[in-house]
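Structure first, commentary second.
The values are calculated or read from the model by the stated rules, or taken from the named source; none is laboratory data. Worth saying up front: this structure is predicted, and the values here are computed from it rather than measured. Don't worry about glycine lacking a Cβ; one is built from the backbone with ideal geometry, like all the others, and counts go over all protein chains shown. Ligands, DNA and RNA are stripped out before the accessible areas are found, and what is left, the full protein with its side chains, is counted by its heavy atoms. Shrake-Rupley method; radii C 1.70, N 1.55, O 1.52, S 1.80 Å.
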Amino acid sequence: MTRKSFTTYAQKMRQANREALATVVALVAIIVVWYVGGIGLAGCGIEVFSTPLWIIGGTVGTWVAAIAAAVILAKCVFADFSLEDEGENDA
């Protein structure tokens, strides 16, 4: 995996803001999955192993969506970089 190079503090802050915004978008997507999988399926009356489908959709579906969001964020959005200036001394 290659490490992205950010030469200025402003570039680093833009990347940090991009990561924060993408995380909020992922959170909203997970909330939508939880709402549709839990509350949206509440009236369907389907059961799997004597468990209402809305319970499975609201828990397992949300869990799967959160894992998928974390993997997508890690592979496509997040970058490994130091927030310290390259020109700083350790004094």
Unmet criterion (only one of (1) in contact with a Ser or Thr (Cβ under 7 Å, 6 or more places away or on another chain); (2) not acidic (Asp, Glu); (3) not in a helix (DSSP H, G or I)) for ALA42: (1)
Matching residues in segment 12-28 - criterion: being open to solvent by 70 Å² or more (accessible area, probe 1.4 Å) and either closer than 19 Å to ALA70 by Cα or part of a loop (DSSP other than H, G, I, E, B) (or both): ASN17, ARG18, LEU21, VAL24, VAL25, LEU27, VAL28
Residues (surrounded by 11 or more Cβ atoms within 10 Å (Cβ to Cβ) and either of a type in the set (A, V, I, L, M) or more than 28 Å from PHE78 (Cα to Cα) (or both)) located in segment 29-45: ALA29, ILE30, ILE31, VAL32, VAL33, VAL36, GLY38, ILE39, GLY40, LEU41, ALA42, CYS44
Hits in segment 49-63 - residues which are open to solvent by less than 50 Å² (accessible area, probe 1.4 Å) and touching a strand residue (DSSP E or B) at 6+ places or on another chain (Cβ under 8 Å): LEU53
Residues of segment 45-78 that turn out to be assigned to a helix (DSSP H, G or I) and either out of contact with any Gly (no Cβ under 7 Å at 6 or more places or on another chain) or among the acidic types (Asp, Glu) (or both), as a count: 19
Failed condition for TYR9, given (1) surrounded by 13 or more Cβ atoms within 10 Å (Cβ to Cβ); (2) in contact (Cβ under 8 Å) with a residue 24 or more places away in the chain: (1)
